[in-house]
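Visitor: Would you mind keeping the following structure in view while I ask a few things?
The values are calculated or read from the model by the stated rules, or taken from the named source; none is laboratory data. Note that the coordinates shown come from a computational prediction; the quantities given were computed from them, not determined experimentally. Note: ideal-geometry Cβ built from the backbone for every residue, glycine included; neighbour counts use all protein chains shown. To get the accessible areas, we keep the full protein, side chains included, count just its heavy atoms, and leave off ligands, DNA and RNA. Shrake-Rupley method; radii C 1.70, N 1.55, O 1.52, S 1.80 Å.
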Amino acid sequence: VEMSIKYKEYIKKDNLCVIKTKSKLNPQAFRIADNITYTNRKIKFTANHVIFDANNYFLVDVRPTNLNGINALNYINQRTDTLSPFKIFSNVENVETAYFIRKTLLEAWSIIEKRWNGVFDADNWDIYFLQSVGHDNGETIIYGKNMQSMEIFEDWSSVVTKLYPVRI
């Protein structure tokens, strides 16, 4: 996000900013990250959609067994270390089992997405696990035609610098 310096007092790490997006009917909440830069006239920062708050909720030892999409997601959502703010909706009827030991809620969702064969879509804290999202309209994005520029950001957030040994 890039905006006028006059909003400097509101732009702080972990604050929420609400932004109207093209793909959602409702304005979406984003949490401000810690890479805030200032110039004389502008503030630049990165903000992540609140679905990534799921990284802050931990599953110690949870096993949804023989459950469809909505029941599996509700099962793990009710067993996080602290109360989860997410509401779950789903039309995925596949029945599966998974075992989550020391996983974040977001990591568990990633596993469920593959195992139950669905797709996640978020509308603020409402999480939809659906059989499919969007449509293939046959469009192709081509650099220079309908894409004017590209920026690449490296994400080192999952690089391990410390290990916690566990006896098996």
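Visitor: May I ask you to list the residues in segment 1-17 that are open to solvent by 100 Å² or more (accessible area, probe 1.4 Å) and assigned to a strand (DSSP E or B)?
Guide: If the condition is that a residue be open to solvent by 100 Å² or more (accessible area, probe 1.4 Å) and assigned to a strand (DSSP E or B), then 2 is the only one that fits.
Visitor: Let me ask something else about it. Contact list please: Cβ distance under 8 Å, first residue in segment 35-60 and at positive phi, second residue surrounded by 14 or more Cβ atoms within 10 Å (Cβ to Cβ) and assigned to a loop (DSSP other than H, G, I, E, B), pairs at least six apart or on different chains.
Guide: none
Visitor: Any residue at all in segment 138-152 that's within 22 Å of residue 24 (Cβ to Cβ) and in contact with a strand residue (DSSP E or B) (Cβ under 6 Å, 6 or more places away or on another chain)?
Guide: For segment 138-152, residues within 22 Å of residue 24 (Cβ to Cβ) and in contact with a strand residue (DSSP E or B) (Cβ under 6 Å, 6 or more places away or on another chain): present.
Visitor: Need a quick list: strands (runs of 3 or more DSSP E) entirely within segment 68-124 having at least 1 residues that are over 27 Å from residue 134 (Cα atoms), open to solvent by 20 Å² or more (accessible area, probe 1.4 Å) and not aromatic (Phe, Trp, Tyr). Even if it seems obvious, please write down each step before you answer.
Guide: Values: elements: 87-90, 100-104, 119-123.
Fully inside segment 68-124 and qualifying: 100-104.
Visitor: Within segment 18-37, work out how many residues are part of a strand (DSSP E or B) and modelled with pLDDT of 90 or more.
Guide: Number satisfying all stated conditions: 7.
Visitor: Consider residue 133 carefully, then state whether it is within 30 Å of residue 69 (Cβ to Cβ) and either open to solvent by 60 Å² or more (accessible area, probe 1.4 Å) or hydroxyl-bearing (Ser, Thr, Tyr) (or both).
Guide: yes
Visitor: Listed residues 141, 168; which is closer than 27 Å to residue 50 by Cβ, exposed (fewer than 10 other Cβ atoms within 10 Å of the Cβ) and among the β-branched types (Val, Ile, Thr)?
Guide: 141
Visitor: Still on this structure, I have one more. Scanning segment 26-67 for residues that are of a type in the set (Val, Ile, Thr) and within 30 Å of residue 5 (Cβ to Cβ), which turns out surrounded by the most Cβ atoms within 10 Å (Cβ to Cβ)?
Guide: Here the answer is 51.
Visitor: Let me ask something additional. Looking at segment 101-130 only, could you name the residues that are more than 29 Å from residue 18 (Cβ to Cβ) and out of contact with any helix residue (DSSP H, G or I) (no Cβ under 8 Å at 6 or more places or on another chain)?
Guide: Scanning segment 101-130 gives 101, 102, 111, 114, 115, 117.
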